[in-house]
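Heads up: the structure comes next, in structure tokens.
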Amino acid sequence: MNYYVVDTTLRDGEQKAGVALGMKDKIEISKLLNEAGIYQIEAGIPAMGGDEKQSIEKMMELNLKSKISSWNRTNLSDIQHSIDCGVDIIHISVPTSDIQIAYKLNKDRNWVIYNMEKAISFAKEKGFPVTVGFEDASRADIEFIKHLALVAKREGAERIRYADTVGTVFPQKIYEDIKSISAKAFIDIEIHAHNDFGMAVANSVAALEGGANYINCTIGGIGERAGNCNFFNFVTAVQHRYDTGNVANNAKLMEIEKKILGIIRHGA
Amino acid sequence: MCISMGDKKIFIVDRSLPVILRKNKTVNSQNLIDYSLQLKKVGTDLLEVDANVVSSIGDLPDDINYIFRIKNKSDFIHLNKGIFKYFIINFKDILSLSIRSINQINKLPLILELDKEDLYYNDDEELNIIGLKAFKNVINFDNLRAIRIQGLSKCILYPWEKIISDIKREFDVKVDICADNRINMGTAVALEACMAGPEFITTAFYGCGGDYGYAPLEEVITALPVISGLDVEGEIKYFMKLSKLYEQITGVAISKTKAILGEDIFNYESGIHADGIEKAPLTYEPFDPAMVGQNRKMIIGKHSGSKAITIKLNQLSVNYSVVDMNTLLKQVREKSIELKRGILDDELVQMCCSQNESSFHNG
């Protein structure tokens, strides 16, 4: 079963309350992730400015094999900061559940669609590949998600991300949702799972089987609340489920994981 | 507590006690009793025990239901105690008993524990009919009440209704699902199996036990009302108290990021999340922390925005009228990166005071 890992240790992982990485930490971690063969590194949020933005600029200078992406809210100012960094991929996060649209944004679905279109166009006109994250997709109306996927594709987005933002989805539902989105929009799909009920790995495996072949992981599963899909656990879960695997490679991954966790705890 | 699914009831089993005792031989019997009572309080219907647990505790609390595990002949001294609702034996352990011994357990209310691979030929779930018929001819217990299936680590997206229906058809018994956590999918397996309506779901507090751990009790019990919308009895707000007992008995600290139990899981820091939680906690929380006896806590750190910092300063009753927020934000970020952690309250107050003093002298 083929898949691409999008590592978000440097973004969602670092959002775990109390985790704080400096520029040197982020650069060293990005090199280790590159060494681990990670397809894409979600490097952070350039709109934060300062060290955060500079660290992403520095990362681009390394010319890593891993693609470097940046996380943005659905606003043009955020995206401009990402453009300044010259990242490989611009990721735009769009709140999609009615809870988030009403309470976080105090807007409506039409506002979300309109601003998503604007944001994608802005980045695409500047020549950047775009992925769009559907925040809280697992609690959103699936018909709205499918519509957003179609719009995102029409605007030129390369991929959409199905985010289980508060970790409340379960394998059967995510499998059906991903299949349904894929059948409607014919767009690459990424899965972002949280571990609030210990199901991040299971949900990521189910999403993979539903057709999402980009998998968000973090090293050690660090992230908001009970964390994200643990990279090493996901790799070994897939190996066991499909009876595949490369033990030698696993040993190397464990070593890299240990080094990265050391940097997170003690600094580079 | 049991789970209600329409007319049907599903009972929760916890099998952590024997494991705890195997790893911690000198546990105080009162602590074990308190732990057992707390397991019942949070919603466990049946506690699995073995000879070791029975010997250690002495008088088992009589308002709890127990399943006694038979491993070998030496366990038979406990068979007639009259305090166990069920007895459980693994198929492989039956094979090592004499015919006479099998006869002795024949009339007991029995749960037979089997691996999935004993029931099915392959991953296509083709029932091993020939093997099962041979097995039923050999083991024809008069009082077989349930079959517990384990070896289910991979079984998400699984045809549970078919599996449960197969077992009921072949054995005319209740079904107990026991998922292990070999590939970190135990809770998902247990939850999906639950929706197909077995009579029992077997878990273990903090997932302890077996070679790989079992579906954690706390994850399954909390997921059932939140995700599956099932009615559960039991008071899951006592999970934190149960955690403390577990730590006291085992000397093992619960991981700070463990789902449901971790002491840090309701901490939040990033500006976007802090803003969302202030407006409506359910934007970024799967459930109210109080539901499981926890509290949410805002941490000030690298990802805090000015709004979060002003909220914190108000909570601390700090006068920040002359504080330059951009400077303070920068200081917070730099200090957080330097210390590799969030900023403590007194550190934040000190940063404000430094600005206040500076402003006073410059004024």
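The values are calculated or read from the model by the stated rules, or taken from the named source; none is laboratory data. In this text, all values refer to a predicted model and were calculated from it rather than measured experimentally. Here Cβ is always computed from backbone atoms with ideal geometry, including for glycine, and neighbour counts include all displayed protein chains. The protein model used for the area step is the full one, side chains on, heavy atoms only, and it has no ligands, DNA or RNA in it. Shrake-Rupley method; radii C 1.70, N 1.55, O 1.52, S 1.80 Å.
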Calculate the length of the line joining the C-alpha centroid of the stretch A:205-268 to that of the stretch B:167-245, in whole Å.
24 Å
Residues residue B:28 and residue B:235, FRET efficiency given R0 of 22 Å [Cβ-Cβ distance, rounded to 0.05]:
0.35
Report the label-to-label distance for residue A:251 and residue B:102 in nanometres (one decimal), using points 7 Å from each Cα along the Cα→Cβ vector.
4.5 nm
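What FRET efficiency, computed as 1/(1 + (r/R0)^6) with R0 = 41 Å and r the Cβ-Cβ distance, is obtained for residue B:62 and residue A:240, rounded to the nearest 0.05? Don't jump to the answer; show the numbers that get you there.
Working: r = 42 Å, r/R0 = 1.04.
So, using R0 = 41 Å, E works out to roughly 0.45.
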Positive dipole terminus of the protein assembly as shown, leading residue within B:260, B:94, A:183 (C-beta point charges):
B:94
How many Å³ per residue does the convex hull of the Cα positions in the stretch B:286-361 occupy?
108 Å³
Testing the spin-label approximation: label points 7 Å from Cα along Cα→Cβ at residue B:91 and residue B:315. State their distance in nm.
5.4 nm
Using a simple charge model, +1 on the beta-carbon of Lys and Arg, -1 on the beta-carbon of Asp and Glu, nothing else, what dipole does the stretch A:38-173 show about its Cα centre, in debye to the nearest 20?
300 debye
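What dipole magnitude, in Debye to the nearest 20, does the stretch A:4-267 give about its Cα centre under +1 on Lys/Arg Cβ and -1 on Asp/Glu Cβ? All intermediate terms of the calculation are to be shown ahead of the outcome.
Working: 31 positive and 35 negative charges, 20 e Å.
Computed about the Cα centre, the dipole is about 100 debye.
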Area accessible to solvent at residue B:99, 1.4 Å probe radius, in Å²
150 Å²
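Is there a pair in A:153/A:184; A:24/A:258; B:307/B:335 whose C-alpha atoms are over 20 Å apart, and which pairs would that be? Present the calculation step by step, with values, prior to reporting the outcome.
Details: A:153/A:184 11 Å; A:24/A:258 17 Å; B:307/B:335 18 Å.
The answer is none of them.
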Value of relative contact order over the stretch B:267-362, rounded to a whole percent, pairs C-alpha under 8 Å and six or more apart:
27 percent
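Whenever you get a sec, line up A:78, B:93 from highest to lowest accessible area (probe 1.4 Å, protein heavy atoms).
My answer, sorted largest first, is B:93, A:78.
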Would you kindly compute the Cα radius of gyration of the protein assembly as shown and its largest Cα-Cα separation (Dmax), both in Å?
26.6, 96
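Under the rule of -39500 (n - 2.57) per DSSP H run of 4 or more residues, summed and divided by the residues of the protein assembly as shown, what mean residue ellipticity at 222 nm is obtained, to the nearest 500 deg cm²/dmol?
Values: 24 runs with 271 residues, N = 631.
Mean residue ellipticity, 222 nm, calculated: -13000 deg cm²/dmol.
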Residue B:252 accessible area, nearest 10 Å², 1.4 Å probe?
70 Å²
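Under a Cβ-Cβ cut-off of 12 Å, what is the net charge of the residues other than residue B:191 that fall near it, where Lys and Arg count +1 and Asp and Glu count -1?
Details: positive: A:173; negative: B:192, B:219.
Overall, the nearby charge balance is -1.
With only alpha-carbon atoms in the gyration tensor, what are the semi-axes of the equivalent ellipsoid for the stretch A:4-267, in Å, largest first?
Values: eigenvalues 140, 106, 52 Å².
They are 26, 23, 16 Å, listed largest first.
For the pair B and A, how large is the buried accessible area, both sides, in square angstrom to the nearest 100, if the probe is 1.4 Å? Walk me through the intermediate numbers first.
Numbers: alone 17870 and 11430 Å², together 25170 Å².
That pair hides around 4100 Å² of surface in total.
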In vacuo Debye sum over C-alpha of the stretch B:3-250, base-10 log of normalised intensity I(q)/I(0) at q = 0.07, 0.09, 0.12, 0.16 Å⁻¹, listed in q order, is -0.22, -0.37, -0.68, -1.23
For residues of A:187-195, the mean tally of beta carbons on other chains within 10 Å:
1
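Which sequence of A:81, B:273 reflects their accessible areas, 1.4 Å probe, from the largest down? Spell out each step's value before the answer.
Working: A:81 55, B:273 20 Å².
Descending order: A:81, B:273.
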Shielding of A:219-231 by other chains, given as the mean Cβ count within 10 Å, works out to 4
Per residue of B:327-337, how many C-beta atoms from partner chains lie within 10 Å of its own C-beta, taken as a mean?
3
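Given a cut-off of under 8 Å on Cα pairs at least six residues apart, what relative contact order in percent is computed for chain B? Don't jump to the answer; show the numbers that get you there.
Details: 584 pairs, mean separation 52.2, N = 363.
Value for chain B: 14 percent.
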Residues of the stretch A:80-118 losing 50 Å² or more of accessible surface, assembly versus chain alone, probe 1.4 Å, please list them.
A:103, A:104
